[in-house]
Amino acid sequence: MNMRKSLFLLALCALCGWNVAHAQWSVTPKAGVNVTKESGSPAKVGYKIGAAVRYEFENSGFSLQSGLYFTQRGRGVNRSLNLWGEGIDQAGNKVEFSRPFILDGEDYCFSTYYYSSVYNDGYYYSGLGVTTQVPDLKDAELKGMKYYESHSRRYYLQLPIMMRYDWKIGDKARFHLALGPYIAYGLGGNAYSEVHGFELKKNEGRYEIVRDYQESESNRNPFHQGVRRFDWGISAEAGFDIGRWSIGLDYDLGLGKQYRSDGIDAKYHTISLTVGYRF
């Protein structure tokens, strides 16, 4: 039994040695665009640039593919508008309230509509009409609203390690699939946020904006605000090689913790379309 194991291991080592001896190296610079969708945020368009390094075993179809990429990921623009005001609760106390601003939502308290008027002096006025039927409050009156906007962009160096297989579909054409893990390190970026306020005044049953003001604005490095620099996940690639040119569709599934309190789950999905030239 030991002799059979020894012969099997010897044959396997000989096969691996033969493959390594006949392996071929190639480098393929690539560039393209990507779209990232993070959990709970709109999609963000970015880019990906770098080079794939491939270690091909001759006459097997298999190869080991790695490389180094500079890639941009982020969150699209999030916008929200909150209305706030005062009303009388069931105990007869004056209390403040705040509610999201949406159009005729069943889960919220406001029925809203926009309007505009033309005065005799030729000026246009845009305003806001609101019916203030707040649950558990009476005589509710709006005092103002706040507009929130945020988006972010992050830059990473990413290193995938994938197993690849190629199918020959023509004299100079091949189709390939690749799959494996990746690791990435955050280099920098920016996280923009803005809060804009509006004061409202009731006039003949409608609310007018009497003053608007910039409450806060910031543009900071997200990695200085608690976002972890180290990232990891799974990469997949499908593409065509025609001569020395290649076109690929890449997919990255981010699984690493973005914050210390996060769990390990799907954080974002990134799809990239790249074009490359093999040397």
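The values are calculated or read from the model by the stated rules, or taken from the named source; none is laboratory data. If you're wondering where the values come from, they're calculated on a predicted model, not measured in any experiment. A quick note on method: Cβ atoms are made from the backbone with ideal geometry, for glycine too, and the neighbour counts reach across all protein chains shown.
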Just the residues that are in a loop (DSSP other than H, G, I, E, B) and touching a residue at least 60 places away in the same chain (Cβ under 8 Å), please, taken from the stretch 257-279. Ala266, Lys267, Arg278, Phe279
Single unsatisfied condition, Ile242 versus (1) β-branched (Val, Ile, Thr); (2) modelled with pLDDT under 95; (3) more than 29 Å from the chain's Cα centre (by Cα): (2)
Kindly indicate whether Met145 is at pLDDT 95 or above and part of a strand (DSSP E or B). no
In the stretch 69-99, which residue that is under 29 Å from the mean Cα position of the chain (by Cα) and hydrophobic (A, V, I, L, M, F, W, C) is nearest to Thr270 (Cα to Cα)? Phe70
Could you grab me the full set of residues in the stretch 255-279 that are acidic (Asp, Glu) and either under 30 Å from Glu56 (Cβ atoms) or modelled with pLDDT under 80 (or both)? Asp262
Here are some conditions: (1) among the hydrophobic types (A, V, I, L, M, F, W, C); (2) part of a strand (DSSP E or B); (3) surrounded by 13 or more Cβ atoms within 10 Å (Cβ to Cβ). Val227 meets all but one. Which one does it not meet? (2)
Has the stretch 44-52 got at least one residue that is over 23 Å from Leu157 (Cβ atoms), part of a strand (DSSP E or B), over 9 Å from the mean Cα position of the chain (by Cα) and small (Gly, Ala, Ser)? no
Quick one: Val227 ticks every box in (1) modelled with pLDDT under 90; (2) in contact with a Pro (Cβ under 7 Å, 6 or more places away or on another chain) bar one, so which box is it? (2)
Please work out if Phe240 is among the hydrophobic types (A, V, I, L, M, F, W, C), touching a Phe, Trp or Tyr at 6+ places or on another chain (Cβ under 9 Å), more than 17 Å from Lys37 (Cβ to Cβ) and surrounded by fewer than 18 Cβ atoms within 10 Å (Cβ to Cβ). yes
